[in-house]
Amino acid sequence: MSEHQQPIERLQTLIDCLQKTLDDEADCIEFDLEMDCLAEWLASGADPTLVVKPRIQAHLAHSRDCAEELEVLIAILRAEQNGLLDDIL
Ligand SMILES: [Zn+2]
């Protein structure tokens, strides 16, 4: 999810990302479509080499912003699973 980013910043992120995109690499849009699902898998302890497609892995290696977004999402899901958010929300 990227609602925390301003539209302009998000657009710039997408542009930066597309410029660096390789032929066998997912772009930001493709990554965004998979991110929620991927985060659920990874937060549940799934093996990243099994659930993360090579195209997505390539994208994460080149796009620090997207890799961080995924990490944050996984951290939130893990906290949720552990009931750590109950006290906060
Ligand atoms: Zn990206």
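Tell me which residues, restricted to region 1-58, are touching an Asp or Glu at 6+ places or on another chain (Cβ under 9 Å), in a loop (DSSP other than H, G, I, E, B), of a type outside the set (A, V, I, L, M, F, W, C) and modelled with pLDDT of 80 or more.
Residue satisfying the conditions is 53 alone.
Can you tell me which residue within region 66-87, out of those that are under 26 Å from residue 16 (Cα atoms) and buried (at least 17 other Cβ atoms within 10 Å of the Cβ), is farthest from the ligand (Cβ to nearest atom)?
Among those that are under 26 Å from residue 16 (Cα atoms) and buried (at least 17 other Cβ atoms within 10 Å of the Cβ), it is 74.
The values are calculated or read from the model by the stated rules, or taken from the named source; none is laboratory data. Note that this is a predicted model, so its numbers are computed, not measured. Backbone-built Cβ (ideal geometry, glycine too); neighbour counts: all protein chains shown.
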